[in-house]
Amino acid sequence: MKTKTVASSIVAAIVSCVCSFMFVPTATAAEGVTVTSTKSFPSYTQVRKDLTTEATATNVEDNADWGGIENLDVPQTESQAEKDAAAAKKAAEEEAKKQTEAEAQATQKQANAASRNESRSSVTYSDASGSVSAGAGASIDRAYSLIGQSMDCTALVSQALAARGINFHGWPEEYVNVPGGHVVTDGSLQPGDILIYANTGGWNGGAHYDHVALYVGNGQAVHGGWNGNSVALASAMTEKLTIVVRIP
């Protein structure tokens, strides 16, 4: 009986304590005491990306079209050696073209000379009647003044033309184009006429006529480059004449 009484006392004491703890906060709060409550949060770790690191994407769609090499427009540059080779090739081609043209011209001139020689073979030249023009007289006087000097045929005729105010110089066959002149086709000769020879037995590189002279009358002409390189009065060699040019 005593044991039950003791047990009952212990239980009563425990219940009394529990009740006391349950009602203390309310009473305390009512009396103005601050109650502090602590809450515990779970810890975690955050991983931040390094924004300064360059990102590289390696995941590409299977059908992505990035352009083939045949679509790239890449300017091509030549090396200096390639440029030099191209320039040398172009120069060689131009030189070959010039040489071909020169040979063709020489062949044509030779053919023309042969044709003229054939057509002139039956022509008989004789002095035409009439007075000598002032221009022709000036050319003749100048040609006579140069006799004995060292000068080729083209220089002699150019000097004679200069005396009458005509500035012209060229190869023998080019004197057919003297300003104001015309080709004489009737076989007549007048003092001051320009005599052009395609073939006198001389040599002009094979590409040009041989000789040009100035007619002074009576079957004679003043020739440059005579007997070497001097100016002389000699036969007009009408049997070898190819072209006669007259300046009124």
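The values are calculated or read from the model by the stated rules, or taken from the named source; none is laboratory data. Only a predicted model underlies this, so the values are computations on that prediction, with no experimental measurement involved. Heads up, the Cβs are rebuilt from the backbone with ideal geometry, glycines too, and the neighbour counts pull from every protein chain shown. Note: areas computed on protein heavy atoms with side chains; ligands, DNA, RNA excluded. Shrake-Rupley method; radii C 1.70, N 1.55, O 1.52, S 1.80 Å.
Cβ-Cβ below 8 Å, separation at least six or inter-chain, first residue in segment 142-157 and in contact (Cβ under 8 Å) with a residue 60 or more places away in the chain and over 11 Å from Val222 (Cα atoms), second in a loop (DSSP other than H, G, I, E, B) and open to solvent by 70 Å² or more (accessible area, probe 1.4 Å): which pairs?
Every condition considered, the pairs that remain are Ser150/Asn229; Met151/Asn229; Asp152/Asn229; Thr154/His169; Thr154/Trp171; Ala155/His169.
Residue check: is Ala96 under 30 Å from Asn199 (Cα atoms) and either surrounded by 10 or more Cβ atoms within 10 Å (Cβ to Cβ) or at pLDDT 75 or above (or both)?
The answer is yes for Ala96.
Output the strands (runs of 3 or more DSSP E) that fall wholly within segment 137-230 and possess 3 or more residues being among the small types (Gly, Ala, Ser), more than 12 Å from Arg246 (Cα to Cα) and out of contact with any Lys or Arg (no Cβ under 7 Å at 6 or more places or on another chain), or say none.
Qualifying strands (runs of 3 or more DSSP E): 220-226.
Evaluate segment 114-130: report whether one residue or more is part of a helix (DSSP H, G or I), modelled with pLDDT of 95 or more and surrounded by 13 or more Cβ atoms within 10 Å (Cβ to Cβ).
No, segment 114-130 contains no residue that is part of a helix (DSSP H, G or I), modelled with pLDDT of 95 or more and surrounded by 13 or more Cβ atoms within 10 Å (Cβ to Cβ).
Which condition number in (1) surrounded by fewer than 18 Cβ atoms within 10 Å (Cβ to Cβ); (2) touching a residue at least 12 places away in the same chain (Cβ under 8 Å); (3) among the small types (Gly, Ala, Ser) is the one that Ala236 fails?
Going through (1) surrounded by fewer than 18 Cβ atoms within 10 Å (Cβ to Cβ); (2) touching a residue at least 12 places away in the same chain (Cβ under 8 Å); (3) among the small types (Gly, Ala, Ser) one by one, Ala236 breaks only (1).
Whether any residue in segment 219-241 is under 42 Å from the mean Cα position of the chain (by Cα) and β-branched (Val, Ile, Thr) is what I want to check.
no
For segment 155-187, which positions are among the hydroxyl-bearing types (Ser, Thr, Tyr) and either touching a Cys at 6+ places or on another chain (Cβ under 7 Å) or modelled with pLDDT under 95 (or both)?
Thr185
Quick one: would you say Tyr215 is within 24 Å of Ala128 (Cα to Cα), of a type in the set (Ser, Thr, Tyr) and either under 44 Å from the mean Cα position of the chain (by Cα) or at pLDDT 95 or above (or both)?
Criteria met by Tyr215.
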